[in-house]
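Engineer: Let me begin by handing over the structure; questions about it come next.
The values are calculated or read from the model by the stated rules, or taken from the named source; none is laboratory data. Note that this is a predicted model, so its numbers are computed, not measured. Heads up, the Cβs are rebuilt from the backbone with ideal geometry, glycines too, and the neighbour counts pull from every protein chain shown. Surface accessibility is based on the protein's heavy atoms, side chains included, excluding ligands, DNA and RNA. Shrake-Rupley method; radii C 1.70, N 1.55, O 1.52, S 1.80 Å.
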Amino acid sequence: EQSGEEALVGEEGHFAEALLHRGGELAHGWSAHTLTTVFKLSASLGVPPLLPALELMFSRAMALAGGLAPKEVAAFVGAVADLGVEVGRELMGALQGRVVTLSAEDPSRFNAQDVLGLLHAFGRMPVAVSPDLGESLQRQAMRSVARYPASAMPKLLRAVASLGAAPNWELLEKLQEAAAKAAHLFTAEEVLGMMETVATLGPTPLPSFVDAMQLRAVQACRDLAPGDILRLMSALAEMGEVPNGALVGAMEGRVVDSIERFGEGELSRLMAALEKMQVVTSPAFNAAVRPPQPP
């Protein structure tokens with residue numbers, strides 16, 4: 001780690017694999033902090049997961065899970081998620097149960113950053129979260145919304161969506177309200193991501209959120225690639241919304257200017273989304289996207 005090189009991995013990774021194998025033999029005496037550090041280093045070095053060694057480490061994690069402190073749980077879950085491997089339902093259940101127990105005992109034990117980290121980490125794992133954990137994390141996030149910077153709103157919405165739990169509608173409203181107030185700070189990609197997330201989760205979006213996102217999309221329209229314009233209109237259509245006049249005008253101008261960059265499939269899907277929303281487009285736009293056929 002200190003060298004900044006891939007010296008541990010080498011051409012075939014033998015030394016790194018030997019270290020990880022030795023780690024599995026020693027894991028029975030490790031602390032939660034040591035396990036967390038080894039998982040993080042293994043993930044950052046790109047060491048191939050050695051399942052026998054990891055199983056020994058996961059066994060040690062099971063023994064420690066019931067006594068993990070809040071900070072240890074947050075760091076440990078994040079490190080396990082970084083590994084990108086299946087950790088088994090027993091360990092996942094133990095970690096989820098520990099978070100739920102700590103939250104029930106004292107909701108203030110996890111600060112706003114811990115909650116965001118837990119949402120993001122559990123959402124990246126291949127095992128679905130329990131209903132209790134999904135509800136607990138979202139309740140805590142709702143209490144912490146005012147403490148998050150505007151830059152955290154896109155990540156929060158993505159994390160809630162990836163959690164795979166029933167969404168907390170009150171939390172989604174609060175996140176939409178916060179995002180609407182800070183819309184001018186978001187990049188075009190962040191605007192698209194938030195609109196797609198709200199559309200996927202399924203609640204009727206707040207008018208203030210839709211208006212703010214459309215205004216920001218108009219301002220950032222020149223930065224949108226053809227695929228981005230398709231994503232924008234598709235998200236609006238999926239939310240049951242209609243683009244306002246300013247956005248339609250900006251969208252038309254951007255499409256006409258970059259028409260040669262659109263694939264046939266992209267144009268067809270864009271027109272289908274516009275037709276679904278019953279958007280009336282200008283003759284110039286129609287002529288550009290549907291040029292007259294030669295006789």
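Engineer: Local charge sum around LEU83 (other residues, Cβ-Cβ under 12 Å, Lys/Arg +1, Asp/Glu -1)? Mind showing how you got there, number by number?
Structural biologist: On the way: positive: LYS40, ARG124; negative: ASP82, GLU86.
So the surrounding residues net to 0.
Engineer: Pop out the carbon and sulfur fraction of the accessible area of region 144-243 as a percent, whole number, probe 1.4 Å.
Structural biologist: Values: 2200 of 4260 Å².
Looking at region 144-243 in its full context, I get 52 percent from C and S.
Engineer: What net charge do the residues around SER162 carry, taking every other residue with its C-beta under 13 Å from that of SER162, with Lys and Arg at +1 and Asp and Glu at -1?
Structural biologist: On the way: positive: ARG124, LYS155, ARG158; negative: GLU196.
My count for the surroundings of SER162 gives +2.
Engineer: Charges on Cβ only, +1 for Lys and Arg, -1 for Asp and Glu, centred on the Cα centroid of region 168-295; of PRO283, LEU175, THR187, which one is farthest towards the dipole's positive end?
Structural biologist: Of the listed residues, the answer is PRO283.
Engineer: Another question, if that's okay. What are the extents of the Cα atoms of the chain along their three principal axes, in Å, largest first?
Structural biologist: For the chain, the Cα spread along each principal axis is 78, 49, 31 Å.
Engineer: Helix 264-276 versus the longest principal axis of the chain: what angle, 0 to 90°, nearest 10, using Cα atoms?
Structural biologist: 80 degrees
Engineer: Per residue, how much accessible area does the chain show when a 1.4 Å probe rolls over the protein heavy atoms, in square angstrom? Intermediate values should be presented prior to the final figure.
Structural biologist: On the way: 14710 Å² over 295 residues.
Spelled out: the 1.4 Å probe surface of the chain, per residue, equals 50 Å².
Engineer: Between region 21-70 and region 243-268, what is the C-alpha centre distance in whole Å?
Structural biologist: Distance between centres, Cα-based: 51 Å.
Engineer: The chain: longest stretch without exposed GluC sites (Glu not before Pro) (DSSP loop, at most 12 other Cβ within 10 Å), sites themselves excluded?
Structural biologist: Values: sites that count: GLU1, GLU5, GLU6, GLU11, GLU12.
Between the exposed loop sites, the longest stretch runs 13-295.
Engineer: Out of PRO207, PRO154, PRO283, any idea which swings most in a Gaussian network model of the chain, alpha carbons joined below 10 Å?
Structural biologist: Of PRO207, PRO154, PRO283, the most mobile in the Gaussian network model is PRO283.
Engineer: On to the next question. Relative to the Cα centre, what is the charge dipole magnitude of the chain, using +1 at the beta carbon of each Lys and Arg, -1 at the beta carbon of each Asp and Glu, and rounding to the nearest 20 debye? Before the final figure, lay out each step's value.
Structural biologist: Values: 23 positive and 34 negative charges, 142 e Å.
So the dipole magnitude of the chain works out to roughly 680 debye.
Engineer: Let me ask another. For a Förster distance of 51 Å, can you work out the FRET efficiency between the beta-carbons of ASP132 and ARG269, rounded to the nearest 0.05?
Structural biologist: Values: r = 40 Å, r/R0 = 0.78.
The value I calculate is 0.80.
Engineer: I need the shape label for region 47-189. Rule: rounded when a/c is under 1.5, else prolate if a/b > b/c, else oblate, with a, b, c from the alpha carbon gyration tensor.
Structural biologist: prolate
Engineer: A further question follows. Sorted by packing (mean other beta-carbon atoms within 10 Å per residue), highest first, where do 116-128, 34-46 land? Walk me through the numbers on the way to the answer.
Structural biologist: Numbers: 116-128: 19.8, 34-46: 18.2.
Highest to lowest by the protection proxy: 116-128, 34-46.
Engineer: Here is a further query. Tell me the angle of helix 131-144 to the major Cα principal axis of the chain, expressed in degrees between 0 and 90 and rounded to the nearest ten.
Structural biologist: Compared with the principal axis, the helix lies near 70 degrees.
Engineer: From the phi of every residue in region 207-221, what ³J(HN,Hα) in whole Hz does the Karplus formula 6.51 cos²θ - 1.76 cosθ + 1.60 yield, where θ is phi - 60° and glycine or proline is x?
Structural biologist: The phi angles translate into x, 5, 5, 4, 4, 5, 5, 5, 4, 5, 5, 4, 5, 9, 4 Hz.
Engineer: Moving to a separate point now. Compute the angle between helix 188-201 and the longest alpha-carbon principal axis of the chain, please, reported from 0 to 90 degrees and rounded to the nearest 10.
Structural biologist: Tilt relative to the chain: about 80 degrees.
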